[in-house]
Amino acid sequence: MPSPFPGMDPYLEHPDRWTDVHTRLMVELGNVLAERLRPRYVVAVEQRTFIQQPDELVFIGRPDVTVAESGAAERGASGEDASAPTAGTGTVAAAPRVVTIPLPEERHERYLEMREVSSGRVVTVLELLSPTNKHRGAGRRGYLNKRRQVLAGRTHLVEIDLVRGGRRPPIEPEPRADAYCILVSRAGRRPRADLYEFGLRDPIPVFPLPLAPQDPEPEVSLRAVLDTVYDRAGFDLRIDYDTPPVPPFAPADADWARAQLASARRS
């Protein structure tokens, strides 16, 4: 079953869902490209790992601290009522609360490398941005460092941003704040690059995948890949479209989105 939205489905952006979406989309896109690019190229699914500190975590729609279970905090380790007077003192002992201490989290982000079979050279890197790349912390620092290395070399870069909100990697002039973007940066044209900018109401544009100069650039239909992922993962069964998305709709899109969802239910 396809998504009820004509382009990017904003409900896929939820932080509790995005890791699954990101992983599935990169693997499926890698499979599609590998079939189209052989035998000249192989497509490798690579992984970047970083440690995210508690103050860098993106808790959108989740509490920062969880307070104790009801009743459990009212008893001591022995099972006795902690609110009872302490023997021999006549005072009441304070009942502790069970809380959660945020801990560092190990994060993994996948990206694709198009490698020339004859030389083993990485010709193109394809990245799909995550919220961690657009908020302060180790995820953004690591990604920007990798981006600078690619842009300083002879490797093409394709950067896909399907997450609204946060601070994008540098692009001049900056795209609209509420837009989705696909950036195609060919090594021989830098600092110029092609930016495909689209909104919630727009279809996802087809984009060319740059390769070695002698090879034609295949067109990539990201929407077709996203439809496959949406169907195989059963997102139509997992998403409650009666709740607001995270991040929320822009005011100009809220009424349109409600009408779009209502139309999808009738069809």
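Inside the stretch 138-165, residues that are within 23 Å of P248 (Cα to Cα) and either assigned to a loop (DSSP other than H, G, I, E, B) or without any contact (Cβ under 8 Å) to a residue 60 or more places away in the chain (or both) make up a count of 6. Restricting attention to the stretch 215-267, which residues are outside any helix (DSSP H, G or I), more than 17 Å from the chain's Cα centre (by Cα) and without any contact (Cβ under 8 Å) to a residue 24 or more places away in the chain? Residues satisfying the conditions are P216, E217, E219, S221, G234, D240, D242, T243, P244, S267. Just one of the listed residues (L211, L200) is surrounded by 14 or more Cβ atoms within 10 Å (Cβ to Cβ), aliphatic (A, V, I, L, M) and in contact with a Gly (Cβ under 9 Å, 6 or more places away or on another chain), namely L200.
We did not get these values from a lab; they are worked out from the coordinates using the rules stated. Nothing here was measured: the structure is a model prediction, and the numbers come from that model. Note: ideal-geometry Cβ built from the backbone for every residue, glycine included; neighbour counts use all protein chains shown.
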